[in-house]
Amino acid sequence: MGFKKILIANRGEIAVRIIRTCKELEIDTVAVHSTADNDSLHVKMSDESVCIGPAKSAQSYLNIKSILSAAEITGADAIHPGFGFLSENKEFAELCSKWNLCFIGPSPKCIELLGDKIVSKRIAEEAGLPVLKPIQVNGRSNQKILDDVLEMGFPVLVKSSAGGGGRGMQRVDNEKDIISIIARLKKEAAAAFGDDTLFIEKYIVRPRHVEVQILADKHGNVIHLGERDCTIQRRYQKVIEESPSMVLSDQRRKELCDSAVRLAKHVGYDSVGTVEYLYDMDEDKFYFMEMNTRIQVEHPVSEQRTSIDLISEQIASANGEQLKFKQEDIKFWGHAIECRINAEDPKTFMPRPGKIKHYYRPGGLGVRVDDFIYTGYQVSPFYDSMLAKVIVLAKDRHHAILRMKRALSEMIVDGISTNIELHQRILDDEDFRGNNYATDFLLRKMK
């Protein structure tokens, strides 16, 4: 028996995205929202809505008690956490079960094992995946840490084990800075994540960031939906994503995707997820970074190339259904690109909330827009600055770039600053067009 009513414990475009799939599945939806989101599109589109607290996330979208109470009073039988907020919170997943609610995501055990970056690297190594061996920081003297780092060689990357989305990490190029950077990052990690655990790994100078989309059920079946290239980043936050990755040979692509499936099977993974890698272009080697146990912001890129609704499959898996597809059933077509449209200063990347005076969404063949904004909408200063995702699909990368340029030229967001112009500059860059770039692209180019 399927779900009758799903509560969406999130906001913004991902909440709208989930509501749309639920409508097609004839499942009622409950939107929870803060006072700042009273007029948000996900509230208007859902069948029911419940205000769960003030604007600050800690008092609303991270307020587990309020969310569970909203599910109880509305009679929801499942909760979809989207991405961010509580989507990778093991305690929340466990409490859902105690309240007789299905958590639409992986098991709490998988969240716990894969949520710790140090533990997940060890698990990945057990599954036969190549990893960059980490140096553990906590509980060790500064001299022992420094000795290990000198043996590893600079540059290195200091990372928070509990971090995510680019937060809690920094590149270090010499020994005089590393101890002070460690001390600062420990404080930042404790404040941001409630966990000051750090580790250090070798910094690859010319990497591409490549990830594999996984789809699994509760019966041991796992398949992949290909890889995405997420190399265009700023401050470790993804800006543009595309599929397929143009730096991988067919052999490396197969090895990469097979290794992601192997890891998912090794831990008994049972939902959608993404296995992330660094690909060293100089050495033609890839290394496991982490696994995200949730739906990703960039999941539409994979959906466009395969014509598979990942939210629908995630809901089916949570309901105990077997996968509808075997690996050989997955057919890939064309090249897909996604641009994240943010309310931000295009030079400093600082958020720029405000009222949208006029909004026009681009369209046409091969263009998809996932958003939650409209003319007259007040963009809140309390949450992530992403407004929309423009996704295009074309027969090859060249034509996908041209289609994206055309789509962005149509897009109008008047009244606030956005990064649309930045995307247009990237798409016009000869190194981007020539597939000649690494993760430092924006740092080098967009000054």
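A few comments on the model shown:
- On inspection, residue 270 does not qualify as in contact with a His (Cβ under 9 Å, 6 or more places away or on another chain) and free of Cβ contacts under 8 Å to residues at least 24 places away in the same chain.
- From 390, 367, residue being farther than 27 Å from residue 60 by Cβ, within 16 Å of the chain's Cα centre (by Cα) and not polar (S, T, N, Q): 390
- Residue that is surrounded by the fewest Cβ atoms within 10 Å (Cβ to Cβ), among those in region 96-124 that are of a type in the set (Val, Ile, Thr) and in contact (Cβ under 8 Å) with a residue 40 or more places away in the chain: 118
- Once region 161-189 is narrowed to residues that are small (Gly, Ala, Ser) and either in contact with a strand residue (DSSP E or B) (Cβ under 9 Å, 6 or more places away or on another chain) or assigned to a loop (DSSP other than H, G, I, E, B) (or both), the residue that is surrounded by the fewest Cβ atoms within 10 Å (Cβ to Cβ) is 166.
- Complete set of residues in region 317-326 that are touching a residue at least 12 places away in the same chain (Cβ under 8 Å) and either surrounded by fewer than 21 Cβ atoms within 10 Å (Cβ to Cβ) or in a loop (DSSP other than H, G, I, E, B) (or both): 319, 320, 321, 322, 323, 325, 326
- Residue list for region 336-373, restricted to those being hydroxyl-bearing (Ser, Thr, Tyr) and either at pLDDT 95 or above or in contact with a Cys (Cβ under 9 Å, 6 or more places away or on another chain) (or both): 359, 360
- Per the listing 127, 93, the residue uniquely aliphatic (A, V, I, L, M), surrounded by fewer than 21 Cβ atoms within 10 Å (Cβ to Cβ) and not assigned by TED's automatic domain parsing to the domain that holds residue 370 is 127.
- Taking the criterion of being without any contact (Cβ under 8 Å) to a residue 60 or more places away in the chain and either at positive phi or touching a helix residue (DSSP H, G or I) at 6+ places or on another chain (Cβ under 7 Å) (or both), the residues of region 61-91 that qualify are 64, 68, 90.
- Listing of helices (runs of 4 or more DSSP H) fully contained in region 1-81 that carry 1 or more residues being touching a Leu at 6+ places or on another chain (Cβ under 8 Å) and surrounded by fewer than 19 Cβ atoms within 10 Å (Cβ to Cβ): 64-74
The values are calculated or read from the model by the stated rules, or taken from the named source; none is laboratory data. From a predicted model like this one, the values you see are computed outputs, not experimental measurements. Cβ atoms come from the backbone with ideal geometry, glycine included; neighbour counts cover every protein chain shown.
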